[in-house]
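Trainee: The structure's right below; bear with me while I get my questions together.
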Amino acid sequence: MKKFLIFTCSIFIAIFVVKLFIPNSIPSDISEIYKYCVKNGYSTEYCFLTDFSKPSGIKRFYIYSFKENKIIHKSLCAQGLGPNRNIFQFKSKFSNEIGSNYSSLGKYKVGILRKMSNPFYKEGYNLHGLESSNSNALARGILIHKGNVEFETFPLPCLPVSSGCFGVSTSMMKHIENIKKQSSKPILLYAYN
């Protein structure tokens, strides 16, 4: 029992240290994302970014300000774990297949806020996949919505999980709502690995 407690404490300390030193990672092609937004009529003030190369226990969903050239808000973000919901799966998998329960990479148009059938989540933003890697997002019911636990921080690198949706914190949902209300143009979400 004593060895187990020492091991568990060591894991939590290691995770805490890792969280301190993992920097925010803006994709190297952010200027290309901006050009895409200009060309296709998306907001040139903000975009949403999700860095799936980071563990889900580290804040990896960002609101990026093009004008300030920086991340202005960040949140944890759930990741789809596939049909078996294996929380010990450390290598990320992605799929665009209906029923896969995996997350998908690429560019999305953030759509309207809609009511969800699950009363816990209440509502979420439809996502329209813009690339072959996520073209089934709307048919799969992929949304940005409040996460499955009320989280701002989480101690483990492999949680929380989803069925492919972008589950974020309640405060991030409020930031998204404010940006959506202010913007006369659609907002782009870019998920990368």
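The values are calculated or read from the model by the stated rules, or taken from the named source; none is laboratory data. Fair warning: this is a prediction, and the values are worked out from it, not measured in the lab. Cβ coordinates were reconstructed from backbone atoms using ideal geometry, including for glycine residues, and neighbour counts include every protein chain displayed.
Trainee: Please determine, by comparing only the residues of region 56-74 that are in contact with a helix residue (DSSP H, G or I) (Cβ under 8 Å, 6 or more places away or on another chain) and within 19 Å of SER92 (Cα to Cα), which one is surrounded by the most Cβ atoms within 10 Å (Cβ to Cβ).
Mentor: Checked region 56-74; the qualifying residue surrounded by the most Cβ atoms within 10 Å (Cβ to Cβ) is PHE61.
Trainee: Quick one: how many residues across region 31-66 are in a loop (DSSP other than H, G, I, E, B) and modelled with pLDDT of 95 or more?
Mentor: Residues in region 31-66 being in a loop (DSSP other than H, G, I, E, B) and modelled with pLDDT of 95 or more: 6 in total.
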